[in-house]
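Input: a single structure, listed below in C-alpha cells.
Nothing in this text is a laboratory measurement; each read-out follows from the coordinates by a stated rule. Because the structure is a prediction, the values reported are computed rather than measured. Note: ideal-geometry Cβ built from the backbone for every residue, glycine included; neighbour counts use all protein chains shown.
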Amino acid sequence: MTLKKPRRPLRIAGAAAVCLGLAACGSQVPPQQFVNAQGAYAGNGGNGTGTANGTGSGGTGNGDVPAGTGTTNAGSGGTGAGSGKVGTGNGGTGTGNGSTGKGSGNTGTGQAGTGSGSSGGGSHGASSGVKAGSCTGFKNGTGITNSTITIANAADLSGPVPGLFKSASAAVTAYVAYFNATSSICGRKLKVEGLDSGTSESGDQQAATTACGNAFAMVGSMGAFDAGGADTVTSCGIPDLRTASTETARYKSPVAFGAYSLAVPEIPVSPFTYFKSLGNQYKDAAFVYLSAGASTLNAKSFVAGETKQGYDFKDQIAIDPTSVPNYPGYVTQLKSDNIKYVQYIGAYQYAQKLKAEMARQNYNPIFVMDPTAYDANYVSAGSAMNGTYVFVAGPLFEEANRNPELSNYMAWLGHTSGGAPTFFGTYAWVAAALFTQLAIQLGGKLTRASMIAALRGVHTYTDDNMVPPQDVGGKHTPRCLSVIELTGGKWVRKTPYPYTCANTVNSGVGG
C-alpha cells in the first residue's frame, strides 16, 4: 500500500541501529533559519462576498473547516483558503473568520457552510488529499469518545541521559496541534497522553501498560530499552506506530511498527560505497561502540555487513559506560594498529571525547557515525569534531526550503515547544501523520485491529516526500540516505541531493 498526500507538488536507511542503548539521539543541528510562524492554517470554505466596510458572508464549506470570507480594500469579498482536496463522508460544521483564509480580506466575517468531508482541509490541512472513509458505524472504545481520540506517546525523558528522546515527544505534540487546527477524524480531535519510559525496560513496560488502558494507539514513541513493553502491547493489541523500534523484541511484536523502518540484519550499501571511494582506508578499519542496550548487537551487525562489502575490521573496541573509559588508550591502540577508518555507534557524548583525544594525538582517520552526531550538541564540542562523517536516512534541516513538509514540522514545533527539529523528531512527526491518514481512510471501520492491518499494508511511505520511502509494514531498513561531513563547524553534503539509493546486505546478525 502506498500512501501519498498530494498536498504539495513535491520526499536513513541509515543505520540498522538507531543510536541505541544510551545513545543520546536528541537534537540535531538547527537550520540556518526557521520557517516564520504562520498560525493555524485554515481549511477551504466557500468564496466570501463582502463590501468595503469589512463585512461579508461565507460560501459553502467543504467539511468541518472554516468558510472563507472577508473583504479587501476594494470592497469585493476575498477567497477562502487554498483548494486542498477534501474527503467524502459526514462533515462537521465550521465557523469562519475572514482573516484566516488565503487571499481573504482582513476584517470580514462569514457563516460557515455545512460540508460532506469528514475532515476536509485547505491546501495546508493535515488531511488534504486523503480520501476519507465513511463515518457510518464509527464506534467509541478505549481511548475514543464522542469528541476525542487519545494517542499515547512514550519517550525516554528521565534516566541516565535526561531528555534522551524528548524530541520525539515534542514532535508528536506539534503534529497534534497542527492536526487539530486543520482537521478531525469523524468529528473527533486528537488528544496526547505523554508518558515517560524512563530509559529502562521497567519504565517502558509501565508506559505500555498505561497506554493499553487509556489510549487507542501509541504513536511516535521512542525508547532505548523498548523490549520492556513488547509483551504488553502485543497482549493488549494496541497499535504501536513508533518513531523506530530499538530492540529486537519490540521489532518482532506483531502490533509494533516503525515510521523509521529498520531491520538489524539489513545494512545499507550506499554510504559504505561512498567511504570506499575515498581510498583504501576501509581495508584498515576499526569499530568502536558503546556496550549498552542494543548498540552491541548493532555494532556486530554493521561489522558483518560491511565485511561483506569488502571492509576489513582489524580492531573492535567496546566502551563500558559503567567504567571510566580509557580514551588515550583507545587512540594509542588504533594508531599502533595503523587503523585508517574508524566507525562508532553509541551516545555522541562518548564519541566527542574519543574524537577530541584523536585530535590531541594528531590522529586523523576517516571517522564515521550514524545520525547521533547530526546534533548541535555534538558540534558544540569544538573544532576537534570537524572531519566527522555521518550517514543520514532523512532530510537535512539546512535544506528545509526544498522540503515543504519538513518546513511544516519545523514551523509547528515553533508554535508549540519551540525546540530544535531533530532526526528522531522528524520520524515521530511522520508516525503521527501516517496514523491520522490511515484513521481518516478507515472512518467508521476504525478499530485497533483495522489500524494494525492497515499499517501492515504500508510499504513506501514518505509523508509528502518529507523522508525517503519507508517500508513500515515490511519492517525493512530503508535504502536511500545521504552522507554529510562536519567542516568548519558546519555540515556539508557529500552525496547528491536528495538521497543516494542502493540495496542492503544481510549481515546475518540479529535476525
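Using the Cβ-Cβ distance between SER134 and SER277 with R0 set to 51 Å, the FRET efficiency from 1/(1 + (r/R0)^6) comes to roughly 0.40. Among PHE423, PHE225, the ranking by other beta carbons within 10 Å of each residue's beta carbon, starting with the fewest, stands as PHE225, PHE423.
Pull out a ≥ b ≥ c, the square roots of the eigenvalues of the alpha-carbon gyration tensor of segment 247-387, then state rounded if a/c is under 1.5, prolate if not and a/b is larger than b/c, and oblate in the remaining case.
Note, shape of segment 247-387 comes out prolate.
Fewest neighbouring Cβ atoms within 10 Å first, the residues VAL264, VAL161 line up as VAL161, VAL264. Do the alpha carbons of any pairs in LYS252/LYS445; LYS166/LYS335; LYS191/LYS494; LYS300/LYS355; LYS314/LYS355; LYS166/LYS308 sit beyond 29 Å of each other, and which pairs? From the list (LYS252/LYS445; LYS166/LYS335; LYS191/LYS494; LYS300/LYS355; LYS314/LYS355; LYS166/LYS308), the Cα-Cα distance tops 29 Å for LYS166/LYS335; LYS191/LYS494; LYS166/LYS308. Would any residue of segment 278-320 have its amide N under 19 Å from a label point 7 Å out along Cα→Cβ of ASN338? List them or say none. The answer is 279-287, 311-316, whose backbone nitrogens lie closer than 19 Å to the label point. Classify segment 157-211: rounded, prolate or oblate, from the alpha-carbon gyration tensor (a ≥ b ≥ c, eigenvalue square roots; a/c under 1.5 rounded; otherwise prolate if a/b is larger than b/c)? Taking the square roots of the gyration eigenvalues as a ≥ b ≥ c, segment 157-211 is oblate. Tell me the label-point distance for the pair GLN361, ARG402, using the 7 Å Cα-to-Cβ offset, in nm and rounded to one decimal. Label-label distance for GLN361 and ARG402, simple model: 3.8 nm.
Computed from the Cα positions only, the extents of segment 291-358 along the three principal axes stand at 33, 29, 15 Å, in decreasing order.
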